[in-house]
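Structure, as structure tokens:
The values are calculated or read from the model by the stated rules, or taken from the named source; none is laboratory data. Small disclaimer: the values here were computed from a predicted structure and weren't measured. Please note: Cβ atoms are built from the backbone with ideal geometry, for glycine as well, and neighbour counts cover all protein chains shown. Accessible surface areas use protein heavy atoms only, side chains included; no ligands, DNA or RNA. Shrake-Rupley method; radii C 1.70, N 1.55, O 1.52, S 1.80 Å.
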Amino acid sequence: MTTYETLLIEKTDGCAVVTLNRPAKRNAMNPGLHRDMTAALEELRNDEAAKAVVITGAGDVFCAGMDLKEFFVELKDKPAEYEAVWKMAVEWRGRTLRYYPKPVIAMVNGYCFGGAFSIVEGCDLAFAAEDAVFGLSEINFKLFPGGCVSKSLANLLRPRDALYYGMTGDKFDGVEAARIGFINKAFPKDKLVEETMNIARKIAAKDVHALRATKDGYRFSLEMSWEAAMNYSMAKELELVQRQSDAWRKEGIQDFLEGKYKPGLETHPG
Ligand code: COA
């Protein structure tokens with residue numbers, strides 16, 4: 001695995017943990033971090049040792065959002081470069097994570113501001129420390145949730161919550177983030193890694209092709225008509241048969257019919 005200046009990547013038990021690693025700058029996303037993240041996600045895409053990807057932050061911080069200095073200020077008079085970084089920044093958070101062929105999980109260990117919301121939203125699942133601090137801080141410095149952040153809010157939050165937090169800039173904790181559906185669940189800080197990794201490992205142990213179909217079926221059918229979605233679903237079913245040599249019938253269903261396990265209560269042993 002390549003060594004990245006702004007990321008740490010550790011692989012364990014079928015999971016890759018990607019840590020945003022600029023603690024001195026509260027893991028703010030500078031252009032280098034966007035470049036590194038884009039490259040790392042491509043590298044992990046076909047890495048069989050990474051069946052699930054977990055994204056977290058170094059130290060006590062998840063991510064302080066876009067790097068206000070290196071991005072907004074230093075690139076202000078370089079429009080071509082600004083636009084190139086802008087596109088890269090929205091691409092990996094807004095699309096790569098969303099349509100990634102494997103599950104991606106955000107593990108929010110502390111501050112999570114502005115642009116970091118789009119990392120959390122782009123992930124399939126998200127967990128946070130109960131005392132993590134979330135904030136759409138843009139309004140506090142006279143901006144709005146730009147880039148892909150407004151779209152992220154519209155994708156996930158109820159209108160009242162998105163506009164309340166977007167307009168007040170009020171901070172909220174992990175418990176509130178779970179209550180409003182921005183994350184799945186909050187855990188006590190000292191349990192966050194253990195609990196999140198238990199879930200990541202559980203998912204990583206499932207059939208990789210079935211996981212991919214689960215994600216594709218949800219993500220892509222969202223914006224389809226019923227007719228297109230059903231056609232897509234049938235095509236996905238046939239794709240799955242091809243990708244895993246019909247393991248869901250030959251093993252998943254057959255072993256149930258032979259009384260070897262109960263899929264309602266446990267995962268297939270093989
Ligand atoms: N962009 C660039 N630099 C940032 C940053 C950001 N988003 N967030 C923090 N930093 C830098 C600070 O400028 C400081 O750099 P310096 O040591 O060279 O002066 C360093 O990180 C530490 O920040 P500091 O404010 O001293 O740390 P703190 O722990 O007291 O506070 C925050 C942390 C995150 C609450 C505070 O830094 C902050 O409000 N950051 C802006 C968050 C934001 O609005 N993000 C939305 C961007 S879209």
Leu7's amide H: which non-local residues (gap 5+, or another chain) put their own amide H closer than 5 Å, with H modeled 1.01 Å from N in plane and none for Pro or chain starts? Asn21
Which of Leu20, Ala89, Gly135, positive extreme of dipole for the chain (C-beta unit charges): Gly135
Using only Cα atoms, find the angle between the long axis of helix 208-221 and the longest principal axis of the chain, and express it within 0 to 90 degrees, rounded to the nearest 10. 60 degrees
Of Arg160, Arg212, Arg179, which has the largest mean-square fluctuation in a 10 Å C-alpha GNM of the chain? Arg160
Candidate lysines - alpha carbon under 25 Å from Lys250, same-chain residues fewer than 8 apart omitted: Lys51, Lys102, Lys202, Lys206, Lys215, Lys236, Lys260, Lys262
Report relative contact order for the chain in percent, whole number only (criteria: Cα-Cα under 8 Å, sequence separation at least 6). 15 percent
For segment 259-270, take each phi angle, set θ = phi - 60°, evaluate the Karplus expression 6.51 cos²θ - 1.76 cosθ + 1.60, and give the result in whole Hz per residue in order, putting x for glycine and proline. x, 7, 6, 10, x, x, 10, 7, 7, 4, x, x
Heavy atoms of Tyr99 accessible to a 1.4 Å probe, total area in Å² rounded to 10: 80 Å²
Looking at the chain as a GNM with Cα springs under 10 Å, which of Leu240, Leu97, Leu211 has the largest mean-square fluctuation? Leu240
Could you calculate the FRET efficiency of Leu238 with Arg201 from 1/(1 + (r/R0)^6), where r is the beta carbon distance between them and R0 is 25 Å, rounded to 0.05? 0.25
Normalised by the number of residues in segment 148-270, what is the relative contact order in percent for Cα pairs under 8 Å and 6+ residues apart? 12 percent
Links exceeding 23 Å between C-alpha atoms in this model, out of Lys69/Lys191; Lys151/Lys171; Lys25/Lys142, come to Lys69/Lys191
For Lys78, the aspartates and glutamates lying under 15 Å Cα to Cα, once residues fewer than eight places off in the same chain are dropped, come out as Glu70
Dipole of segment 118-242, Cα-centred, from +1 at each Lys and Arg C-beta and -1 at each Asp and Glu C-beta, to the nearest 20 debye? 20 debye
Considering amide H positions built from the backbone, and no H for Pro or chain starts, which residues 5 or more places from Ile183, or on another chain, come under 5 Å of its amide H? Ala178
What residue among Gly259, Gly32, Gly57 shows peak mean-square fluctuation when the chain is described by a Gaussian network model with Cα springs under 10 Å? Gly259
Please list 3J(HN,Hα) in residue order for segment 39-54, calculated via the Karplus relation 6.51 cos²θ - 1.76 cosθ + 1.60 where θ = phi - 60°; whole Hz, with x for glycine and proline. 5, 5, 5, 5, 5, 7, 3, 10, 8, 5, 7, 10, 8, 9, 10, 10
Counting only residues 5 or more apart in sequence or on a different chain, those whose built amide H sits under 5 Å from that of Ala28 are Ala64
With θ taken as phi - 60° and the coefficients 6.51, -1.76 and 1.60, list the Karplus ³J(HN,Hα) couplings across segment 141-156 in order, rounded to whole Hz; mark glycine and proline as x. 10, 6, 10, 10, x, x, x, 9, 5, 4, 5, 4, 5, 5, 5, 10
Antiparallel DSSP beta bridges within the chain, percent to nearest 5: 30 percent
